[in-house]
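The values are calculated or read from the model by the stated rules, or taken from the named source; none is laboratory data. The structure presented is a predicted model; accordingly, all values stated were derived computationally and were not measured. Heads up, the Cβs are rebuilt from the backbone with ideal geometry, glycines too, and the neighbour counts pull from every protein chain shown. To get the accessible areas, we keep the full protein, side chains included, count just its heavy atoms, and leave off ligands, DNA and RNA. Shrake-Rupley method; radii C 1.70, N 1.55, O 1.52, S 1.80 Å.
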Amino acid sequence: MTHEIPLERHTLHGHFSRDLAPVMTIESGDTVAFSCLDSAWHVAPGDKFEPRDEKLDAGHALVGPIEVRGAKAGQTLAIRIDEVRVGSFGTTLAGGWSTPLNDRLDVSRGVKLILHWSLEAEAAIGRDPQGREVELRPFPGVLGMPPPEPGVHSTAPPRRWGGNIDCKELVAGTTLFLPIPVDGALLSAGDGHARQGDGEVSQTAIECPLDRLELTLTVEDRTGLKTPIAWTPEGWLTFGFDEDLDEAAVFAADAMLDLMQRELDLERADALALASVVVDLRVTQLVNGVKGVHAVLPHDAVRM
């Protein structure tokens with residue numbers, strides 16, 4: 001069954017919390033579909049959605065939470081991304097404010113550059129004011145559930161339960177697996193990106209609204225998932241998050257060894273040897289306070 005969620009004040013929020021009331025309750029295996037504002041709550045270029053709460057809506061404009069009936073903390077939520085359709089406009093910001101990376105790149109001072117993009121969903125083309133074109137590969141930057149602790153939690157950092165992962169591989173046709181932190185799952189989603197490079201080095205991708213995001217949510221009895229993993233048509237991904245990029249890489253590699261032991265029936269040292277030959281470590285993003293690394297194992301990399 002497919003459930004349509006309207007884009008309205010009561011379906012939008014800008015924080016994570018286990019105390020947020022679900023906007024919809026669905027059965028495991030059902031599909032939800034909705035449109036999204038861009039991450040900064042724009043309904044049109046320069047025009048923000050109103051009303052907003054200064055504290056509770058300070059983060060990304062997210063749709064949800066969506067409750068999955070019978071989901072229990074400790075289980076796994078499989079999120080199949082069925083469709084990601086961009087809106088008509090997008091924005092990329094660069095420089096003009098201080099961040100650790102901007103400071104090192106010497107672009108913190110001066111005027112903030114804003115690229116306004118015209119997006120064509122059918123042609124999968126983005127065009128900036130100078131007429132430069134890029135091929136679109138849209139994905140939702142935020143797919144996640146609230147931490148189990150009470151209170152209001154920022155949408156900015158990725159967590160083991162998902163959130164602002166900002167991984168360009170999570171396009172239509174992929175499935176993201178997240179450990180469920182709270183009963184009911186309470187998934188929220190948004191933060192449309194029309195195109196992004198690994199690292200997201202200016203702090204933003206092509207930030208855009210989504211005319212349609214379609215997700216199928218299935219609860220699995222698998223327990224013990226330590227960090228998000230994803231299946232794509234090209235391969236398996238495992239994620240690591242930490243303020244220290246080296247630690248994020250360790251977490252991603254550790255999760256990949258676990259996956260290779262399970263999927264390929266390998267001993268751990270054997271998995272490590274093969275990982276050194278066929279697995280790529282990629283920087284997901286550097287800009288969300290908590291950095292991200294994803295390990296990639298192509299499906300055909302090891303023939304048994």
Kindly indicate whether any position in the stretch 265-277 is under 30 Å from residue 33 (Cα atoms) and in contact with a Leu (Cβ under 7 Å, 6 or more places away or on another chain). no
For the stretch 109-137: of the residues being among the acidic types (Asp, Glu) and open to solvent by 40 Å² or more (accessible area, probe 1.4 Å), which is farthest from residue 170 (Cα to Cα)? 133
Identify, by number, the condition in (1) farther than 22 Å from residue 39 by Cα; (2) without any contact (Cβ under 8 Å) to a residue 60 or more places away in the chain that residue 108 doesn't meet. (1)
So the check is Cβ under 6 Å with 6+ separation or different chains; which pairs have a first residue in the stretch 16-31 that's more than 16 Å from residue 145 (Cα to Cα) and in contact (Cβ under 8 Å) with a residue 12 or more places away in the chain and a second one that's of a type outside the set (Lys, Arg) and surrounded by fewer than 19 Cβ atoms within 10 Å (Cβ to Cβ)? 29/218; 30/1; 31/2; 31/216
Conditions (1) closer than 19 Å to residue 285 by Cβ; (2) at pLDDT below 90: number failed by residue 111: (1)
Residue 78 passes all but one of (1) small (Gly, Ala, Ser); (2) within 25 Å of residue 148 (Cα to Cα); (3) touching a Gly at 6+ places or on another chain (Cβ under 9 Å); which number fails? (3)
Out of the strands (runs of 3 or more DSSP E) lying entirely within the stretch 183-270, which hold 1 or more residues that are at pLDDT 95 or above and farther than 30 Å from residue 120 by Cβ? 210-220, 229-231, 235-242
Starting from the stretch 33-60, keep only residues that are farther than 12 Å from residue 208 by Cα and free of Cβ contacts under 8 Å to residues at least 12 places away in the same chain, then list their pairs with residues that are aromatic (Phe, Trp, Tyr) and open to solvent by less than 40 Å² (accessible area, probe 1.4 Å) whose Cβ atoms are within a distance under 7 Å, requiring at least 6 positions of separation or different chains. 48/41
Residue list for the stretch 30-65, restricted to those being among the hydrophobic types (A, V, I, L, M, F, W, C) and open to solvent by less than 40 Å² (accessible area, probe 1.4 Å): 32, 33, 34, 36, 37, 40, 41, 44, 49, 61, 62, 63
What do you reckon, is residue 155 hydroxyl-bearing (Ser, Thr, Tyr), in contact (Cβ under 8 Å) with a residue 40 or more places away in the chain, buried (at least 20 other Cβ atoms within 10 Å of the Cβ) and assigned to a loop (DSSP other than H, G, I, E, B)? yes
Subset of the stretch 8-29 (residues that are within 18 Å of residue 51 (Cα to Cα), assigned to a loop (DSSP other than H, G, I, E, B) and open to solvent by 60 Å² or more (accessible area, probe 1.4 Å)): 8
From the option list 247, 207, 214, 243, single residue qualifying as open to solvent by 10 Å² or more (accessible area, probe 1.4 Å), free of Cβ contacts under 8 Å to residues at least 12 places away in the same chain, in contact with a strand residue (DSSP E or B) (Cβ under 8 Å, 6 or more places away or on another chain) and under 27 Å from residue 153 (Cα atoms) is 247
For the stretch 279-294, state whether one or more residues are part of a helix (DSSP H, G or I) and either buried (at least 21 other Cβ atoms within 10 Å of the Cβ) or in contact with a Ser or Thr (Cβ under 6 Å, 6 or more places away or on another chain) (or both). no
Flag for residue 71 being more than 14 Å from the chain's Cα centre (by Cα), small (Gly, Ala, Ser) and open to solvent by less than 30 Å² (accessible area, probe 1.4 Å): yes
Checked the stretch 261-273 for anything open to solvent by less than 50 Å² (accessible area, probe 1.4 Å) and either of a type in the set (Phe, Trp, Tyr) or without any contact (Cβ under 8 Å) to a residue 40 or more places away in the chain (or both); matches are 266, 271
